[in-house]
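Here's the structure we're looking at; comments come further down.
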Amino acid sequence: MNSMKLSLAMLLFSAGFFTNCQAEDAEGFTSLFDGKTLSGWRTAEENTNSWKVLDGMLVCDGPRCHLFYEGDAAPFKDFHFIAEVKTTPGSNAGIYFHTKFQPTGWPKYGYECQVNVTHKDPKKTSSLYAVENIADPGVKDNEWYTQEIIVRGKRIQLKVNGKTLVDYTEPKNKQAESKQFERRLDSGTFALQAHDPDSKVYFRNLRVKKISE
């Protein structure tokens, strides 16, 4: 390789390295979804056809089935999670965190951030389900919104389009809510919910950044 080619190669490498470092330093988020496959994700063992990948989106459309993240970034304790979400009229879904894989049923562990704009359930989008409930998240069906979930220690913040809707601190030594649902912090992963056959919801640009203690 002559000196001109070598210099060009070094310049391109340096530019790429700087760009990558700059992006990482600027945000520090890791993508959880490649936009093409379910790589890093695992469906529950019921109604697995309720989940598909379409045009860079994760789409739930069908009977109950939860999609659990099992990629290299898991598990999570303190983190900042961001996803773009779009609901269709009358649909219901959810984003669980600090949960763990279950082959069937509603996830027992962790909390659920509700996804619901016009479904009959009065607990609407960005509710910390059955803990701190939101009646009007200020978003509409068929429009993308940004959902953030931030956990630091015992504090949980849920934000929609940058606005904080829930700011909850879990009581010290909180006991499990019931045998069916823990609803308390520990550590774990994320799960997306396909709720029922009449609910179709889209997710894209799922990212997370672990927060140092």
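General remarks:
- MRE, 222 nm, helices only [DSSP H, n ≥ 4, -39500 (n - 2.57), over the chain, to nearest 500]: -4000 deg cm²/dmol
- P(r) for region 64-143, from all Cα pairs and a bin width of 5 Å, is 3, 14, 23, 24, 20, 11, 5, 0 %, short bins first.
- Ranked packing of 166-173, 62-69, most packed first, by mean Cβ within 10 Å: 62-69, 166-173
- Aspartates and glutamates whose Cα lies under 15 Å from that of Lys159, excluding same-chain neighbours fewer than 8 positions away: Glu84, Glu112, Glu132, Asp136, Glu148, Asp167
- Among the listed pairs Lys77/Lys140; Lys52/Lys209; Lys100/Lys154; Lys174/Lys209, those beyond 23 Å (Cα-Cα): Lys77/Lys140; Lys52/Lys209; Lys174/Lys209
- Around the amide H of Ser127, modelled in the peptide plane, lie the amide H atoms of Gln114, Ile134, all under 5 Å away and 5 or more residues distant in sequence or on another chain.
- Nearest 10 degrees, 0 to 90: helix 3-26 Cα axis against the chain principal axis: 20
Just so you know, all these numbers are worked out from the coordinates, no wet-lab data involved. Bear in mind that the values here come from a model prediction, so they are computed numbers and not experimental data. We place every Cβ from the backbone using ideal geometry, glycine too, and count neighbours over all the protein chains shown.
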